[in-house]
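Peer 1: The structure's right below; bear with me while I get my questions together.
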Amino acid sequence: MNTLSIAVKNLRRKKIRSVLTIGGVSIAVAVLVSLMGFDKGYQQSLTSNIDRMGYQLLVTAKGCPYEAATMMLKGGGGLRYMEQDAYDQIRSDQRIEQITPQLVATVFDPDRAEGEGGFVMFMGIHDSYMKLKPWNKFKSGGWFSSPDADEVIMGFEAAELEQRNVGDEIFIPGKNKILKVAGIFERTGTQDDGIVFMPLQTTQQIFGLPGKLTGVGIKLKDIQTISKVEEDLYEVPGIQVISMAQVRGTILNLIASAKIMANSIAVIAIFIAVIGVINTILMSVFERTQEIGILKAMGASRFQIFRLIWAETILICSLGGIIGNIVALTASRAVEAIIVNILPFTPSGPIVVIYPALLVYALAGAVVLGLIAGLYPSWRACAMVPVEAIRRGE
Amino acid sequence: MNRTIVKAEKLRKVYHLFAEEIAAVDGVDLEITAGEFVSIMGPSGSGKTTLLDMIGCLDSISDGTLEILGEDVSSTPESQLVKTRRGQIGFIFQDFSLIPSLTALENLQLGLFLAGKQTNRQKCLEMLDKVHLSHRCNHLPKQMSGGEQQRVAIARALVIEPDFLLADEPTGHLDTATTQTVFALLKEINAQQNLTIILATHDASIGSQTQRTILLKDGKIAS
Ligand SMILES: Nc1ncnc2c1ncn2[C@@H]1O[C@H](COP(=O)(O)OP(=O)(O)OP(=O)(O)O)[C@@H](O)[C@H]1O
Ligand SMILES: [Mg+2]
């Protein structure tokens, strides 16, 4: 016989009501955990995506840096062209460890996505590309046979989608050109997986863009020199320099408003849940007026009554917290799918990351809410005068 | 000489209803000693419940003096009275007053718990046996008849080993046959354990069977 076991039995008395209230708390906790998990997951994936590009600076043609930032994460550069001369001018800089030129072209393929059509991304690259991304490994085949070969290397997913193996032929829609698959990359978990790579020269020739690039990736010997290098590069005409740290900040800004809205929803859900808990407990206190009077007659102190009602509130909130955590864990993939649809840009990799500490915080938060929500009903119960309480029930 | 359980002088309880004063108990002198079985009788509204509430330390008094178990509670506020009643006074109410979510046995254990005593299971089972309900120990109140529930309530009041027992219309909701069973049980307890019982009732057939009857009328003792 202790306070907790009596509280449990009291909650069991009105099962539907208790379940509904616990459900309200669960939803609020699940929403909160999902959002916090999203906050963490999105940043993590974005950071890892950016790290896996292999370069800290990207040089592109002058234009909108926001547009360039998203375009680049989607595949390597804004579709504005800069001169290859600029690249030749930069490459000899002593502070640069690796530098790689890229030319991105997208082509609409009407046969994609079961006849609905979709864009295929081609990227012209140079040997140096592999030096910037040493983790890119070949699943089969290998590098282009020459810098102007009519060959492609396919990202893992691109190859799966097109069902191509090394040695197969691939056709570029609208370009009347047939190329041979020289190699297929292993899965990297980045945007590279969906790209079809070609030698830079071949790309320039097929798309009629001789001497043009969409971007140049730069890895520095010493990250400390980044702002100085950036400054110096501005003297080269016709280009702009974007640092990856800047890109990260820009994208986080882009999703900030979506996050504020989502957080408001979480706050509202919590608010409604708390009101629901107070309402339920208060109602059950009033229903049990006579019972509380009897308990007091039998010697229950104010504190004992307070503790009993408080325990009921905390139980509801803790159970809601536990169930909410379970819901958030099991539904995180579904939440991810929804978020990907809403946001302007989502990095590849897990978007909602629910880590153990988050679950602990959420549960602790639910308990604290229970402590607060229970104060008023518990006080009402313990302040009841026994004679009045007993008579009122009769 | 037997120990004094209740000693009241010019005891009054006044309720204020708007501008009016209602004296529910109006100058009662009373002394009850250990082992007595006293009934308080009177018409509805005569102040029986009000008097029992004050004797049971459930409510503060308005005027006069009141000593319970030798302790003067005349000026004790309601919020402090719990210390006097806890574990010393057993209560039986008209409508059984068991906790609906707890079994018969658990109701007894709760009684001990709230009285600040060891929640000894064996002791509770023995007490249920004494009211001939050991076969009902795991039943919820709603699974028992009114008479059985009232016997559980009596067991719950007794298990804390109180100094005296207060019963406000304990048979008010029972039929004649069951009333006799419950009353017989109370009489048996009074006789066997020499436990003081103070009982309020409408029922003259019960009042006439107790050692002493106090007749109340308009808050005053009529005989
Ligand atoms: N809280 C209160 N406020 C105002 N008047 C009250 C209050 N409680 C009781 N009274 C009045 O006090 C008087 C005595 O009431 P009490 O309940 O003690 O009578 P009773 O003898 O127990 O009656 P019954 O046999 O109907 O139970 C009644 O007139 C009642 O209206
Ligand atoms: Mg009464």
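Peer 1: Within segment B:190-213, work out how many residues are aliphatic (A, V, I, L, M), at pLDDT 90 or above and away from ligand 2 (no atom under 14 Å from the Cβ).
Peer 2: Going through segment B:190-213 one residue at a time, the tally reaches 3.
Peer 1: List the residue pairs whose Cβ atoms are under 9 Å apart, where the first residue sits in segment B:106-120 and is at the interface with chain A (Cβ under 8 Å from one of its Cβ atoms), the second is of a type in the set (Phe, Trp, Tyr), and the two are 6 or more positions apart or on different chains.
Peer 2: B:Thr119/B:Phe113
Peer 1: Another one. Among the residues of segment B:159-166, is any open to solvent by 10 Å² or more (accessible area, probe 1.4 Å) and within 16 Å of ligand 2 (Cβ to nearest atom)?
Peer 2: Taking every residue of segment B:159-166 in turn, none turns out to be open to solvent by 10 Å² or more (accessible area, probe 1.4 Å) and within 16 Å of ligand 2 (Cβ to nearest atom).
Peer 1: Can you tell me how many residues in segment A:143-171 are over 33 Å from the mean Cα position of the chain (by Cα) and in contact (Cβ under 8 Å) with a residue 40 or more places away in the chain?
Peer 2: Going residue by residue through segment A:143-171, those that are over 33 Å from the mean Cα position of the chain (by Cα) are A:143-151, A:166-171.
From the residues that got through so far, the ones that are in contact (Cβ under 8 Å) with a residue 40 or more places away in the chain too are A:143-144, A:146-151.
Selection size over segment A:143-171: 8.
Peer 1: Checking B:Thr171 against (1) touching a helix residue (DSSP H, G or I) at 6+ places or on another chain (Cβ under 6 Å); (2) farther than 24 Å from A:Ala7 by Cα; (3) outside the structural domain of B:Ile55 (by TED's automatic domain parsing); (4) not acidic (Asp, Glu): exactly one of these is not met. Which one?
Peer 2: (3)
Peer 1: What's the number of the condition B:Glu9 fails, among (1) open to solvent by less than 20 Å² (accessible area, probe 1.4 Å); (2) away from every other protein chain (no Cβ under 14 Å)?
Peer 2: (1)
Peer 1: For segment B:15-38, does any single residue satisfy the condition of being within 21 Å of B:Thr210 (Cβ to Cβ) and hydroxyl-bearing (Ser, Thr, Tyr)? Spell out the reasoning first.
Peer 2: Kept after step one, since they are within 21 Å of B:Thr210 (Cβ to Cβ), are these residues of segment B:15-38: B:25, B:28-38.
Now drop any that are not hydroxyl-bearing (Ser, Thr, Tyr), which leaves B:33.
Looking for residues that are within 21 Å of B:Thr210 (Cβ to Cβ) and hydroxyl-bearing (Ser, Thr, Tyr), one finds at least one in segment B:15-38, hence yes.
Peer 1: Looking only at segment B:20-53, which residues are within 13 Å of ligand 2 (Cβ to nearest atom), in contact with a strand residue (DSSP E or B) (Cβ under 6 Å, 6 or more places away or on another chain) and of a type outside the set (S, T, N, Q)?
Peer 2: Hits for segment B:20-53 are B:Ala24, B:Val25, B:Ile40, B:Met41, B:Gly42, B:Gly47, B:Lys48, B:Leu51, B:Leu52.
Peer 1: Any idea which of B:Met54, B:Met41 is over 26 Å from A:Ile292 (Cα atoms), of a type in the set (A, V, I, L, M, F, W, C) and either within 12 Å of ligand 1 (Cβ to nearest atom) or within 14 Å of another protein chain (Cβ to nearest Cβ) (or both)?
Peer 2: Step by step, each of B:Met54, B:Met41 is checked, and only B:Met41 is over 26 Å from A:Ile292 (Cα atoms), of a type in the set (A, V, I, L, M, F, W, C) and either within 12 Å of ligand 1 (Cβ to nearest atom) or within 14 Å of another protein chain (Cβ to nearest Cβ) (or both).
Peer 1: So B:Phe18 passes all but one of these: (1) within 11 Å of ligand 1 (Cβ to nearest atom); (2) within 14 Å of another protein chain (Cβ to nearest Cβ); (3) modelled with pLDDT under 90. Which condition number does it fail?
Peer 2: All conditions pass for B:Phe18, except number (2).
Peer 1: Hey, among B:Ser60, B:Ser101, B:Ser74, which residue is of a type in the set (Gly, Ala, Ser), under 20 Å from the mean Cα position of the chain (by Cα) and at the interface with chain A (Cβ under 10 Å from one of its Cβ atoms)?
Peer 2: Values: B:Ser101 fails: under 20 Å from the mean Cα position of the chain (by Cα); B:Ser74 fails: at the interface with chain A (Cβ under 10 Å from one of its Cβ atoms).
When all the criteria are applied, what remains is B:Ser60.
Residue-by-condition table, conditions (1) open to solvent by 40 Å² or more (accessible area, probe 1.4 Å); (2) touching a Lys or Arg at 6+ places or on another chain (Cβ under 9 Å); (3) not in a helix (DSSP H, G or I):
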{"position": "A:Ile316", "(1), (2), (3)": "no, no, no"}
{"position": "A:Val335", "(1), (2), (3)": "no, no, no"}
{"position": "A:Ile338", "(1), (2), (3)": "yes, no, no"}
{"position": "A:Pro347", "(1), (2), (3)": "no, no, yes"}
{"position": "A:Tyr361", "(1), (2), (3)": "yes, no, no"}
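Peer 1: Taking the condition of being in a loop (DSSP other than H, G, I, E, B) and closer than 20 Å to B:Tyr15 by Cβ, how many residues in segment B:60-80 meet it? Don't jump to the end; show me each part of the working.
Peer 2: Of the residues in segment B:60-80, the ones in a loop (DSSP other than H, G, I, E, B) are B:60-62, B:69-70, B:73-77.
Add one more test, that the residue is closer than 20 Å to B:Tyr15 by Cβ, and what stays is B:60-62, B:73-77.
Residues meeting the conditions: 8.
Peer 1: Check whether at least one residue in segment A:342-353 is within 14 Å of chain B (Cβ to nearest Cβ) and touching a Gly at 6+ places or on another chain (Cβ under 7 Å), and report yes or no. Please lay out each step first, then the result.
Peer 2: Filtering segment A:342-353 down to residues within 14 Å of chain B (Cβ to nearest Cβ) leaves none.
Within segment A:342-353 (the criterion being within 14 Å of chain B (Cβ to nearest Cβ) and touching a Gly at 6+ places or on another chain (Cβ under 7 Å)), the answer is no, since none of the residues qualifies.
Peer 1: May I ask you to say which residue of A:Ile255, A:Ile218 is buried (at least 19 other Cβ atoms within 10 Å of the Cβ), in a helix (DSSP H, G or I), at negative phi and aliphatic (A, V, I, L, M)? Give the derivation first.
Peer 2: On the way: A:Ile218 fails: in a helix (DSSP H, G or I).
So the residue among A:Ile255, A:Ile218 that is buried (at least 19 other Cβ atoms within 10 Å of the Cβ), in a helix (DSSP H, G or I), at negative phi and aliphatic (A, V, I, L, M) is A:Ile255.
Peer 1: Within segment A:369-394, track down each residue that is away from chain B (no Cβ under 12 Å), farther than 18 Å from B:Tyr15 by Cβ and part of a helix (DSSP H, G or I). Give the derivation first.
Peer 2: Let us first name the residues in segment A:369-394 that are away from chain B (no Cβ under 12 Å), namely A:369-381, A:392.
Applying the additional criterion that residues be farther than 18 Å from B:Tyr15 by Cβ yields A:369-381.
Selection gives A:Leu369, A:Gly370, A:Leu371, A:Ile372, A:Ala373, A:Leu375, A:Tyr376, A:Pro377, A:Ser378, A:Trp379, A:Arg380, A:Ala381.
The values are calculated or read from the model by the stated rules, or taken from the named source; none is laboratory data. Here the structure is a predicted model, which is why all the values come from computation and not from measurement. Heads up, the Cβs are rebuilt from the backbone with ideal geometry, glycines too, and the neighbour counts pull from every protein chain shown. Ligands, DNA and RNA are excluded from the accessible area calculation, which covers all protein heavy atoms including side chains. Shrake-Rupley method; radii C 1.70, N 1.55, O 1.52, S 1.80 Å.
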